[in-house]
Amino acid sequence: RLLEEEERIATESMPRAHKDLISYYKRRIEQLEAERQEANERFSLPTTNQERIQKLKEELLNRNDEVRDLQRAISDAQHYLYDERDMVLKLSRENDRLRIQEDEDRKRIQHLLALTKPVQQEVTFFRDRVPKRMAR
């Protein structure tokens, strides 16, 4: 504000031609300042676009790494699942084999028992009598 006051006092004593010249250069400076501001905005726009592109590239790389890690985890889980299924099949086969062996063993035991003809004993208890001791 002080500069404006000094400028006004200085321009009052100048001839008309000088005043017109000063006002012309002031307008010209304002125009050039506006052009400079516009140019700065235009040149800064690609910089922000480049920064944005760089950020998007970094994000894409991070996502690709994440996808690769997830695919590796899925592959590991599939291998683990395959191994577990294989183990279940082996245990099922072993279980079936043991059941067949158990049936065969029972048949052998029954056959051997039939060959030896074991004596079957019967014990009868009566309510009103006390059992006698029998010694052999």
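The values are calculated or read from the model by the stated rules, or taken from the named source; none is laboratory data. Quick caveat, the model's predicted, so the values are computed rather than measured. Because the Cβ atoms are built from the backbone with ideal geometry, glycine has one as well, and the counts that use them run over all protein chains shown. Just so you know, the surface numbers come from the protein's heavy atoms only, side chains and all, with ligands and any DNA or RNA stripped out. Shrake-Rupley method; radii C 1.70, N 1.55, O 1.52, S 1.80 Å.
Here are the numbers for the structure shown:
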| item | result |
| --- | --- |
| The chain: angle of helix 16-116 to the longest principal axis, Cα-based, in degrees nearest 10 | 0 degrees |
| Length released on extending from Ser75 to Arg16, taking residue separation times 0.36 nm less the Cα-Cα span | 12.4 nm |
| Calculated FRET efficiency for the pair Glu30/Lys57, C-beta based, R₀ 25 Å, to 0.05 | 0.05 |
| Added length on full extension, which subtracts the Cα-Cα distance from 0.36 nm per residue, Glu84 to Ile9 | 17.3 nm |
| Estimated FRET transfer efficiency (Asp65, Arg97; beta-carbon r; R0 30 Å; 0.05) | 0.05 |
| Candidate values [x] 28.1; [y] 15.7; [z] 15.1, label of the one derived for Kirkwood radius over Cα pairs in Å | [x] |
| Added length on full extension, which subtracts the Cα-Cα distance from 0.36 nm per residue, Ala114 to Glu38 | 16.1 nm |
| Simple Cβ-charge dipole of the chain, Lys/Arg +1 and Asp/Glu -1, about Cα centre, in debye nearest 20 | 1880 debye |
| Structure-based [θ]222 nm, the chain - -39500 (n - 2.57) summed over DSSP H runs of at least 4, per residue, nearest 500 | -31000 deg cm²/dmol |
| Carbon and sulfur %, accessible surface of the stretch 1-82 computed with the full protein complex present, 1.4 Å | 56 percent |
| Dipole-positive endmost among Leu61, Asn49, Tyr25 within the stretch 1-66 (Cβ charges, Cα centre) | Tyr25 |
| The stretch 1-69: projected area of the alpha-carbon convex hull, averaged over directions, in nm² | 7.1 nm² |
| Accessible area per residue, Å², the stretch 53-96 with all protein chains present, probe 1.4 Å | 97 Å² |
